[in-house]
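Engineer: Structure in structure tokens, see below.
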């Protein structure tokens, strides 16, 4: 079991419920009623590569991007602050 994992529950068109792991985004289990989802959640282990891919993606979103001023000065080959 994933100690820090949370699960999102989704109601399907056919009246069943899905449980989705919020760490690896896998559909963990499908059950006819929402309370029954806990049985599949208790057995779930995230695949190591899925958790690693998620962390890599989240880290890429945190990378600083150059400001418009820096980008423009690099494009023009000048220092925008000198103007």
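Each value in this text was obtained by applying a stated rule to the coordinates, not by laboratory testing. In this text the structure is predicted, and so the values were computed from the model without any measurement.
Engineer: Report the extension gain between residue 56 and residue 34 in nm, rounded to one decimal, defined as 0.36 nm multiplied by the number of residues separating them, less their alpha carbon distance. Write down the numbers at each step before the final one.
Structural biologist: Values: separation 22, 0.36 × 22 = 7.92 nm, distance 3.16 nm.
Additional length available on full extension: 4.8 nm.
Engineer: Pull out the extension gain between residue 22 and residue 8, defined as 0.36 nm times the separation in residues minus the alpha carbon to alpha carbon distance; nm, one decimal. Write out the running numbers ahead of the final one.
Structural biologist: Details: separation 14, 0.36 × 14 = 5.04 nm, distance 0.68 nm.
Length gained, residue 22 through residue 8: 4.4 nm.
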